[in-house]
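Okay, so here's the structure we're looking at.
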Amino acid sequence: MKTKFLLIVTLLFVTLGFSQKKWTLKECVDHAIENNISIKQNILNVSLAERDVAISKGNFLPSLGATSGAGVNSGLSPDRSGVLRNTTNFNGRFSLSANGTIFNGFRNLNSYKQAQLGIESSKLDLEKVQNDISLFVVNGYLNVLFAKENLTVAQIQAAISKKQVEAAKQRYDAGITPKGDLLNTQSTAANDQQSVIANENTLTIALLNLAQLLQVPSDNFDVESLEIGTPSAVLLYETSEVVYEKALTTQPQIKRAELGIINSDFNIEIAKGAFLPTLTYNVNSGTSYFNQLNNLLPGQTNDYFFRQVLKDRVTYGASVSLNIPIFNRFQTRNNVAKSYINREQSLLNLDNEKLQLQQTIEQAFVDSKAATKTYEAAKISLEAQREAFKNAQESYNLGATTLFDFDLVRNRLVSAESALIRAKYDYVFKTKVLQFYYGELNLD
């Protein structure tokens, strides 16, 4: 009984500990990279590319095959003495052959190199997907923290409104203020409570979106707070060009586009290989067995199967074939021309990837600068609104200002607090985007 009790208590503690687990940003990113379906699909694409290498390597090996056949026919045919008779004959054939390619315009060699290039390309595709998922997770994580801070502000305002209702009720009971002021205060408190509920729903949705992105249950899902610090007016990088030049050496989509050009070069060489002759070989060995099932000469038997198969009817052969292309309706020439066009497309694709990368980084850099300025302005605005609220609250308590005017000041304070929170997390995300493209994204 005691053992069962201890076991139950232990399970309860384990369950409680699990339910209270808070995910860090690094844990979220690592989990998404390990479990995301798109990433798993790209991992399988790498495995498929490795199989393509094995297949292309096999083209250098000979093909080996064995065949056999047997048949029975009857009718007039020479018997064992050479006289035409009605005979029933049995024929059996067995052969073993090997054939392969000696030279085919280096197409096998270039196909093998191209397949090896395919592995590297698939790995770069995988890295690109991992990077995209990482940014999605970072954005989702910051959305949760943003929603949490907004909820905190709303809860503080709701608490202030509750105290104001109590103060307004005391003034009304004392006959200092009319009932309309009390009702307005209660209305404001109700609106603030609705704001708390709305922000709770926003936080729930943000947590749900992040949990779904991680493919984990959303029940009791929560994240750790992130030490963000105070955004600095000094940017991490002097210009967008600095980030762009570094991104050219780190971003997988650029490397993937560069490999696309090399792949096009292999396609050109493979297409040109069709202009060259093809040299193949064949080596074979065979044997057969013949038996007349009737019309045997006196004293003859059918017990010489192994002598025929293993000695008398054994044959060997070897051949070499040379195929010289002369005219194939300009198919090879057109295929080469198409390969050159595809290479031009690969060059343009690289230029396009570089252009998109440059534009994305320039936009991120401008957004980061704008977010910094927005944060500085929001911080100044919040300080001013806090001072204005402090003065308005003192005036209201002294009866020197109306509830309507006081609520206007308080609403401006709430808006300023929300603006500062939004500016802070916008700055953090834009900064992390620049860090990502520079290749030094910190998830801790």
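Just one of the numbered conditions (1) assigned to a helix (DSSP H, G or I); (2) surrounded by fewer than 18 Cβ atoms within 10 Å (Cβ to Cβ) is not true of ILE102; which one?
Answer for ILE102: the failing condition is (1).
Can you list residue pairs whose Cβ atoms sit under 6 Å apart, with the first residue in the stretch 312-340 being farther than 18 Å from PHE266 by Cβ and touching a residue at least 24 places away in the same chain (Cβ under 8 Å) and the second being part of a strand (DSSP E or B) and among the hydroxyl-bearing types (Ser, Thr, Tyr)? Count only pairs 6 or more apart in sequence or on different chains.
ARG313/THR287; ARG313/SER288; VAL314/THR287; TYR316/SER285; VAL320/TYR281; SER321/THR280; ASN323/THR278
Within the stretch 233-281, which residues are outside any helix (DSSP H, G or I), farther than 20 Å from ASP125 by Cα and in contact with a helix residue (DSSP H, G or I) (Cβ under 8 Å, 6 or more places away or on another chain)? Even if it seems obvious, please write down each step before you answer.
Of the stretch 233-281, the ones outside any helix (DSSP H, G or I) are 233-239, 251, 276-281.
Right, trim to farther than 20 Å from ASP125 by Cα and you get 233-239, 276-281.
Answer for the stretch 233-281, where residues must be outside any helix (DSSP H, G or I), farther than 20 Å from ASP125 by Cα and in contact with a helix residue (DSSP H, G or I) (Cβ under 8 Å, 6 or more places away or on another chain): ALA233, LEU235, LEU236, TYR237, THR239.
Quick check: is even one residue across the stretch 372-395 of a type outside the set (Ser, Thr, Tyr), surrounded by 18 or more Cβ atoms within 10 Å (Cβ to Cβ), in contact (Cβ under 8 Å) with a residue 60 or more places away in the chain and under 17 Å from ALA423 (Cβ atoms)?
So in the stretch 372-395, the residues of a type outside the set (Ser, Thr, Tyr) come out as 373, 376-380, 382-394.
Right, trim to surrounded by 18 or more Cβ atoms within 10 Å (Cβ to Cβ) and you get 378, 382, 385, 389, 392.
From what's left, in contact (Cβ under 8 Å) with a residue 60 or more places away in the chain: none.
Looking through the stretch 372-395, none of the residues is of a type outside the set (Ser, Thr, Tyr), surrounded by 18 or more Cβ atoms within 10 Å (Cβ to Cβ), in contact (Cβ under 8 Å) with a residue 60 or more places away in the chain and under 17 Å from ALA423 (Cβ atoms).
Working carefully through the options GLU376, GLU353, find the one that is farther than 24 Å from ALA247 by Cβ and in a helix (DSSP H, G or I).
Of GLU376, GLU353, the one residue that is farther than 24 Å from ALA247 by Cβ and in a helix (DSSP H, G or I) is GLU376.
Could you give me the residue pairs with C-beta distances under 6 Å whose first residue belongs to the stretch 423-444 and is touching a residue at least 40 places away in the same chain (Cβ under 8 Å), whose second residue is among the acidic types (Asp, Glu) and surrounded by fewer than 20 Cβ atoms within 10 Å (Cβ to Cβ) wherever it lies, and which are 6+ apart or on separate chains?
What qualifies is LYS430/ASP367.
Answer with yes or no whether THR431 is surrounded by fewer than 17 Cβ atoms within 10 Å (Cβ to Cβ) and polar (S, T, N, Q).
Working: surrounded by fewer than 17 Cβ atoms within 10 Å (Cβ to Cβ): no; polar (S, T, N, Q): yes.
No, not satisfied.
Of PHE389, PHE365, PHE327, which residue is modelled with pLDDT under 95 and outside any helix (DSSP H, G or I)? Break it down into steps so the answer makes sense when it comes.
On the way: PHE389 fails: outside any helix (DSSP H, G or I); PHE365 fails: outside any helix (DSSP H, G or I).
Every option except PHE327 fails the conditions.
When you scan the stretch 397-406, do you find a residue that is surrounded by 15 or more Cβ atoms within 10 Å (Cβ to Cβ), assigned to a helix (DSSP H, G or I), of a type in the set (S, T, N, Q) and in contact (Cβ under 8 Å) with a residue 12 or more places away in the chain, even just one?
Here is the first cut: in the stretch 397-406, the ones surrounded by 15 or more Cβ atoms within 10 Å (Cβ to Cβ) are 401, 403, 406.
From the residues that got through so far, the ones that are assigned to a helix (DSSP H, G or I) too are 403, 406.
Within this subset, residues satisfying the condition of being of a type in the set (S, T, N, Q) are none.
No: zero hits.
Looking at (1) closer than 20 Å to VAL165 by Cβ; (2) under 54 Å from the mean Cα position of the chain (by Cα); (3) charged (D, E, K, R), can you tell me which one GLU394 breaks?
Failed condition: (2).
Pairs please, first residue from the stretch 151-171 and free of Cβ contacts under 8 Å to residues at least 12 places away in the same chain and in a helix (DSSP H, G or I), second anywhere and surrounded by 15 or more Cβ atoms within 10 Å (Cβ to Cβ) and among the β-branched types (Val, Ile, Thr), Cβ atoms under 8 Å, 6+ apart in sequence or on different chains.
Sorted first by the residue in the stretch 151-171, then by its partner, the pairs are ARG171/THR177.
Could you list, ordered by first residue, the pairs with Cβ atoms under 9 Å in which the first is in the stretch 82-101 and under 24 Å from LEU322 (Cβ atoms) and without any contact (Cβ under 8 Å) to a residue 24 or more places away in the chain and the second is surrounded by fewer than 14 Cβ atoms within 10 Å (Cβ to Cβ) and polar (S, T, N, Q), at least 6 apart or interchain?
none
Just to verify a result, which residue in the stretch 24-78, among those that are aliphatic (A, V, I, L, M) and assigned to a strand (DSSP E or B), is nearest to PRO252 (Cα to Cα)?
In the first step, residues of the stretch 24-78 are kept if they are aliphatic (A, V, I, L, M); the result is 25, 29, 32-33, 37, 39, 43-44, 46, 48-49, 53-55, 61, 64, 66, 70, 72, 76.
Going one step further and asking which of them are assigned to a strand (DSSP E or B), we end up with 64, 66, 70, 72, 76.
Working: LEU64: 42, ALA66: 48, ALA70: 60, VAL72: 66, LEU76: 77 Å.
It comes out as LEU64.
Within the stretch 330-362, take every residue that is acidic (Asp, Glu) and in contact with a helix residue (DSSP H, G or I) (Cβ under 7 Å, 6 or more places away or on another chain) and give me the one that is modelled with the lowest pLDDT. Step through it out loud before you land on a result.
Within the stretch 330-362, the subset acidic (Asp, Glu) is 344, 351, 353, 362.
Checking the rest, the ones that are also in contact with a helix residue (DSSP H, G or I) (Cβ under 7 Å, 6 or more places away or on another chain) come to 353, 362.
Working: GLU353: 96, GLU362: 93.
The selected residue is GLU362.
Which residues, taken from the stretch 170-191, are of a type outside the set (Val, Ile, Thr) and surrounded by 12 or more Cβ atoms within 10 Å (Cβ to Cβ)? Break it down into steps so the answer makes sense when it comes.
Filtering the stretch 170-191 down to residues of a type outside the set (Val, Ile, Thr) leaves 170-175, 178-184, 186-187, 189-191.
Listed by number, the residues that qualify are GLN170, ARG171, TYR172, ASP181, LEU182, LEU183, ASN184, GLN186, SER187, ALA189, ALA190, ASN191.
So which residues in the stretch 252-294 are among the hydroxyl-bearing types (Ser, Thr, Tyr) and closer than 20 Å to ILE341 by Cα, if there are any at all?
The initial filter retains those residues of the stretch 252-294 that are among the hydroxyl-bearing types (Ser, Thr, Tyr), namely 264, 278, 280-281, 285, 287-289.
Within the stretch 252-294, SER264 is the sole residue that qualifies.
The values are calculated or read from the model by the stated rules, or taken from the named source; none is laboratory data. These figures come from a predicted structure and were not determined experimentally. As a convention, Cβ positions derive from the backbone with ideal geometry for all residues, glycine included, and neighbour counts pool all protein chains shown.
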